[in-house]
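The values are calculated or read from the model by the stated rules, or taken from the named source; none is laboratory data. These numbers were taken from a predicted model, which means no experiment stands behind them. Ideal geometry is used to build each Cβ from the backbone, glycine not excepted, and the neighbour counts take in all protein chains shown. Remember, those area values only see protein heavy atoms, side chains included, never the ligands or the DNA or RNA. Shrake-Rupley method; radii C 1.70, N 1.55, O 1.52, S 1.80 Å.
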Amino acid sequence: HESSASSAFFLDPPYTAGLNGKWAGKRLYIHNELYHESLFQQAKAVHGSVLMTYDHCKDVVEMAHRYGFPYKIIAMKNTHHATMQEILLGNDLRWVG
């Protein structure tokens, strides 16, 4: 991929990482198979801004540490209005409260 310092990438992959038992991405999307480790590697190589969203789980936090992505845990509501946690990852999250 080509990127420059003025590029911005928003990545919202199917939530299939980790062993938290949710696997929402497999239930919701036909094309849900993703090698998350590779996505993190490619996101790290981007020269611009990167923002990723994921289900908050141990495996995603470990990949964030491994690839040097700061992260913030945020509250969100699902379609049943239950409060859940997601994780925002990126190379600059200073704008997140």
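Figures for the structure shown
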| read-out | value |
| --- | --- |
| Table column - 3J(HN,Hα) (Hz), segment 37-43, Karplus curve with 6.51, -1.76, 1.60, x for Gly and Pro | 4, 5, 4, 5, 4, 5, 5 |
| Residue-span extension gain [T83 to S4] - 0.36 nm each, minus C-alpha spacing | 24.8 nm |
| Compactness of segment 32-97 as Cα Rg over 2.2 N^0.38 Å, two decimals | 1.15 |
| Pair K58, S38: separation of 7 Å Cα→Cβ label points (nm) | 2.6 nm |
| E37 accessible area, 1.4 Å probe, all protein chains in place, Å² to nearest 10 | 40 Å² |
| Amide H partners (placed H, <5 Å) of V50, local residues excluded | F9, N91, D92 |
| Table column - 3J(HN,Hα) (Hz), segment 90-95, Karplus curve with 6.51, -1.76, 1.60, x for Gly and Pro | x, 8, 7, 10, 4, 6 |
